[in-house]
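Note sheet for the following structure.
The values are calculated or read from the model by the stated rules, or taken from the named source; none is laboratory data. Just so it is clear, the model here is predicted, and its values are computed rather than measured. Please note: Cβ atoms are built from the backbone with ideal geometry, for glycine as well, and neighbour counts cover all protein chains shown. Areas reflect the complete protein model, heavy atoms only, side chains present, ligands, DNA and RNA absent. Shrake-Rupley method; radii C 1.70, N 1.55, O 1.52, S 1.80 Å.
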Amino acid sequence: MNKTLFAKELRASLFVSGIIAAVLALYIGMIISMFDPELGESLDAMMQSMPEVFAAFGMSTQTTTLIDFMLNYLYGFLLTAFVLVLVLIMANKLMVRHLDRGSMAYLLATPNSRVRIAGTMIGVVATVLTALAVLVTALEMGFAEALFPGELDFEALAWVNAGLLALWLAMAASCFLSACLFSNAAAALWTGGGLWILFFLMQMVSQVDDDFELLESINPLTLFDYYGLATGDASAIGGAVVLAVSAVALFTAAVTVFTRRDLSV
Amino acid sequence: MNHPSGPETGPAIEICDLKKEYGKGRGVFDVSFAVERGETFGFLGPNGAGKTVTMRTLMGFIRPDEGDARINGLDCFRNRARIQERLGYLPGEIACMDEMTGAAFLEFMARMKKLRDRTRMNELVEYFELDPARRIRKMSKGTKQKVGLVCAFMASPDIILLDEPTSGLDPLMQSRFIDLVLQEKRRGATILLSSHLFEEVERTCDRVAFIRAGRLVGSMRMDDVRKSRKRVFVITFADAATRDRYARAHVDASPQPQGAASVEVTVAGNFDAFVKDLAAYDIVDLTAHEQTLEELFMHLYGTMEKGGSHE
């Protein structure tokens with residue numbers, strides 16, 4: 001890690017991260033404030049009236065507890081797919097753009113190895129995502145305590161969000177690997193990003209229609225089993241661990257590719 | 001491979017049989033040259049000839065297909081981070097961090113280079129009359145070039161690689177750049193600069209190499225270049241008939257397509273005879289320019305095929 005580069009890139013990422021965090025905060029607050037066993041019934045009634053639409057966004061469970069309610073309405077789409085937007089913006093900012101525009105030449109014209117440069121960029125994205133996970137957890141706990149004291153199972157939430165962070169890091173790592181692999185800027189950005197968009201679409205399709213079980217079995221998104229994590233299910237924890245390990249492996253691969261390839265900057 | 005050149009002996013920059021192919025005849029092929037310590041070496045050639053590829057190889061950005069590139073005896077690809085400790089570089093394409101101000105970018109680069117003393121940086125900013133407070137995005141090409149130059153020189157490096165250093169600079173700043181190179185040379189820096197402008201190379205370099213279509217055409221000492229260079233005169237006659245009369249008498253005069261009554265003559269050495277001979281003709285205009293380096297190398301090595309623009 002290079003402190004100077006880390007500070008510069010972190011500062012440059014602050015604005016977009018702030019916007020994403022604000023949107024997440026807004027939704028988290030809104031969804032939690034909508035929790036009300038009685039209103040929950042009416043939401044559930046609405047869900048039953050158009051089950052496909054709700055199912056597509058992962059909102060298909062009859063909810064009784066606050067955490068189930070949150071898992072149903074926040075974790076299927078908002079806290080996963082929406083964060084992919086942030087991941088893509090950051091992969092673009094930290095890697096793709098530097099290589100495409102040639103400003104990487106300046107970074108490499110300093111006594112810093114490529115491992116250190118790439119490692120710093122990964123450090124920035126990992127820091128932003130970790131901070132976001134902490135912020136999301138704090139917001140969820142804060143809103144829940146303010147509106148429904150004692151209703152939220154903190155420990156279950158912590159497990160779920162640890163798994164969520166593992167998923168985010170795996171998404172970021174694949175986007176970084178693709179950013180390091182391709183010299184064409186569009187390919188560098190959209191191979192990794194496009195793959196995850198495809199995974200989200202696959203998940204939407206398979207949630208609506210049970211005929212697409214194959215899609216589900218090859219979809220890495222299923223490794224993030226948030227209901228299982230909330231109940232401490234072993235296979236769900238295993239899935240989260242697989243995500244975390246893949247993130248480390250993919251980041252390592254990204255750094256390796258970056259140190260070996262030709263950079264026409 | 002066993003190389004005698006160690007860190008403090010042997011040439012500062014050494015390229016042996018470098019080959020890097022990009023397909024369709026692009027790239028560099030069998031390029032070899034060495035730059036001695038304290039020497040200023042000019043690397044000349046038209047755009048797309050392979051100058052930037054060579055620079056990128058020296059910077060360790062790209063790995064040679066064959067051959068090797070060494071700086072201070074260290075392999076440029078494998079030891080790139082260590083080499084950078086004492087190297088200054090100006091990229092051919094100026095692409096700084098657009099969203100930063102010039103001052104913020106220079107401060108950032110100074111920290112990345114672990115530069116403690118900012119005196120030289122500030123001196124250079126003043127020397128090039130650079131206003132660093134503006135955002136780089138809003139700067140003109142010449143101003144961005146100044147930022148890049150300050151960046152390349154601010155750490156007072158031992159070895160300086162400059163890819164087309166004066167592109168975008170106005171004549172005053174070009175001449176300041178030349179003075180700066182001479183100053184750095186006196187300090188003992190080894191400088192490799194690529195260019196397609198003869199003047200800056202002529203005024204700064206000890207030696208010059210010419211590259212074309214990825215191959216090194218030749219290299220020579222600047223003193224020898226000066227000796228072998230000729231003047232090219234464009235003579236415009238009063239009418240086409242006079243022009244034809246002159247052309248018949250002088251087979252080496254090539255008629256110019258632009259001016260109906262003009263010819264171009266290359267003169268070496270005997271200017272007296274040339275001028276006295278001209279007195280017999282009715283002349284409306286006479287302009288002289290020095291042979292461009294490309295013309296000189298074409299004349300000396302004679303093997304280059306025509307075609308391929310100089311600019």
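Tabulated data
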{"read-out": "So B:Cys96, is it part of a helix (DSSP H, G or I), under 24 Å from B:Ser194 (Cα atoms), touching a helix residue (DSSP H, G or I) at 6+ places or on another chain (Cβ under 6 Å) and facing another protein chain (nearest Cβ under 9 Å)", "value": "no"}
{"read-out": "Check on B:Gly67, in contact with a helix residue (DSSP H, G or I) (Cβ under 7 Å, 6 or more places away or on another chain) and either part of a strand (DSSP E or B) or at the interface with chain A (Cβ under 9 Å from one of its Cβ atoms) (or both)", "value": "no"}
{"read-out": "Qualifying residue in the stretch B:36-44 (condition: touching a residue at least 40 places away in the same chain (Cβ under 8 Å), within 14 Å of chain A (Cβ to nearest Cβ) and either open to solvent by less than 10 Å² (accessible area, probe 1.4 Å) or not hydrophobic (A, V, I, L, M, F, W, C) (or both))", "value": "no"}
{"read-out": "One residue from B:Phe210, B:Phe198, B:Phe128 being over 24 Å from B:Pro11 (Cα atoms), under 14 Å from the mean Cα position of the chain (by Cα) and of a type in the set (A, V, I, L, M, F, W, C)", "value": "B:Phe198"}
{"read-out": "Lone qualifier among A:Ser113, A:Ser33, A:Ser17, A:Ser60 - being in contact (Cβ under 8 Å) with a residue 24 or more places away in the chain, within 14 Å of another protein chain (Cβ to nearest Cβ) and among the hydroxyl-bearing types (Ser, Thr, Tyr)", "value": "A:Ser113"}
{"read-out": "Set A:Asp225, A:Asp209: member being charged (D, E, K, R), over 13 Å from the mean Cα position of the chain (by Cα), under 22 Å from A:Pro51 (Cα atoms) and buried (at least 16 other Cβ atoms within 10 Å of the Cβ)", "value": "A:Asp225"}
{"read-out": "Residues of the stretch B:118-143 satisfying the condition of being farther than 19 Å from B:Leu90 by Cβ and either among the β-branched types (Val, Ile, Thr) or in contact with a Gly (Cβ under 9 Å, 6 or more places away or on another chain) (or both)", "value": "B:Thr119, B:Asp131, B:Ala133, B:Arg134, B:Arg135"}
{"read-out": "Test for A:Leu189: is it closer than 19 Å to A:Asp225 by Cβ and part of a helix (DSSP H, G or I)", "value": "no"}
{"read-out": "Flag for B:Thr242 being polar (S, T, N, Q) and open to solvent by less than 30 Å² (accessible area, probe 1.4 Å)", "value": "yes"}
{"read-out": "Per-region count, the stretch A:88-106, residues closer than 21 Å to B:Cys76 by Cα and within 7 Å of another protein chain (Cβ to nearest Cβ)", "value": "4"}
{"read-out": "The stretch B:245-265: number of residues that are under 18 Å from B:His299 (Cα atoms) and open to solvent by 60 Å² or more (accessible area, probe 1.4 Å)", "value": "2"}
{"read-out": "Residues (under 19 Å from A:Leu10 (Cα atoms) and more than 28 Å from the chain's Cα centre (by Cα)) located in the stretch B:109-125", "value": "B:Arg111"}
{"read-out": "The lone exception for B:Val150 - which of (1) touching a residue at least 24 places away in the same chain (Cβ under 8 Å); (2) within 20 Å of A:Asn112 (Cβ to Cβ); (3) open to solvent by 60 Å² or more (accessible area, probe 1.4 Å) it fails", "value": "(3)"}
{"read-out": "Residue, nearest to A:Met95 (Cα to Cα), within the stretch A:1-31, restricted to residues that are among the aliphatic types (A, V, I, L, M) and touching a Ser or Thr at 6+ places or on another chain (Cβ under 6 Å)", "value": "A:Leu5"}
{"read-out": "Selection from the stretch B:164-215 of residues that are of a type in the set (A, V, I, L, M), open to solvent by 50 Å² or more (accessible area, probe 1.4 Å) and under 16 Å from B:Met55 (Cα atoms)", "value": "B:Ala213"}
{"read-out": "Qualifying residue in the stretch B:22-35 (condition: of a type outside the set (Val, Ile, Thr), farther than 17 Å from B:Thr190 by Cα, assigned to a strand (DSSP E or B) and facing chain A (nearest Cβ under 10 Å))", "value": "yes"}
{"read-out": "Residues being of a type in the set (Ser, Thr, Tyr) and either within 14 Å of another protein chain (Cβ to nearest Cβ) or not in a helix (DSSP H, G or I) (or both) - total across the stretch A:218-265", "value": "2"}
{"read-out": "Total residues in the stretch A:180-199, condition surrounded by 19 or more Cβ atoms within 10 Å (Cβ to Cβ) and under 17 Å from the mean Cα position of the chain (by Cα)", "value": "5"}
{"read-out": "Those helices (runs of 4 or more DSSP H) lying entirely in the stretch A:83-175 with at least 3 residues of a type in the set (D, E, K, R) and either over 26 Å from B:Ala81 (Cβ atoms) or open to solvent by 40 Å² or more (accessible area, probe 1.4 Å) (or both)", "value": "A:97-101, A:114-147"}
